[in-house]
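The structure under discussion appears below in the form of structure tokens.
The values are calculated or read from the model by the stated rules, or taken from the named source; none is laboratory data. Since the structure is predicted, the reported quantities are computational estimates derived from the model, not experimental observations. Note that each Cβ is placed from the backbone with ideal geometry, even for glycine, and that neighbours are counted across all protein chains shown.
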Amino acid sequence: MSDLATNHDAAQLLSLRRSLHQQLVATMDVALAEQLQSDQLEAECRARLQQLIRTGDHALDPMGVENLIDCVLDDTFRLG
């Protein structure tokens with residue numbers, strides 16, 4: 001695979017990651033989120049991200065889906 005193709009794929013993945021993060025935040029029930037323990041909130045967000053990916057038109061294998069979800073959760077809870 002060429003560097004150009006790799007860069008294009010990386011850019012698409014980053015764009016998808018940002019889009020999922022925005023959708024997650026936009027659909028989050030803040031009042032409910034404040035009542036949940038951090039591990040419960042993260043589990044709820046993981047389930048919501050799985051649903052968003054499942055209903056979207058994304059060509060990702062199961063490992064790619066899990067890696068993407070982990071990245072979005074890192075952006076949301078740990079690194080972002």
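If you scan segment 25-80, which residues turn out to be polar (S, T, N, Q) and over 24 Å from Ala10 (Cα atoms)? Reasoning before the result, please.
Our first condition is that a residue be polar (S, T, N, Q); within segment 25-80, this holds for 27, 35, 37-38, 40, 50-51, 55, 67, 76.
Result: Thr27, Gln35, Gln37, Ser38, Gln40.
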Can you tell me how many residues within segment 1-26 are under 16 Å from the mean Cα position of the chain (by Cα) and either modelled with pLDDT under 90 or aliphatic (A, V, I, L, M) (or both)?
10
Looking only at segment 37-79, count every residue that is among the hydrophobic types (A, V, I, L, M, F, W, C), modelled with pLDDT under 90 and either under 15 Å from Arg18 (Cβ atoms) or touching a Lys or Arg at 6+ places or on another chain (Cβ under 9 Å) (or both) and tell me the total.
1
Does at least one position in segment 54-67 carry a residue that is among the acidic types (Asp, Glu) and either touching a Ser or Thr at 6+ places or on another chain (Cβ under 8 Å) or surrounded by 12 or more Cβ atoms within 10 Å (Cβ to Cβ) (or both)?
yes
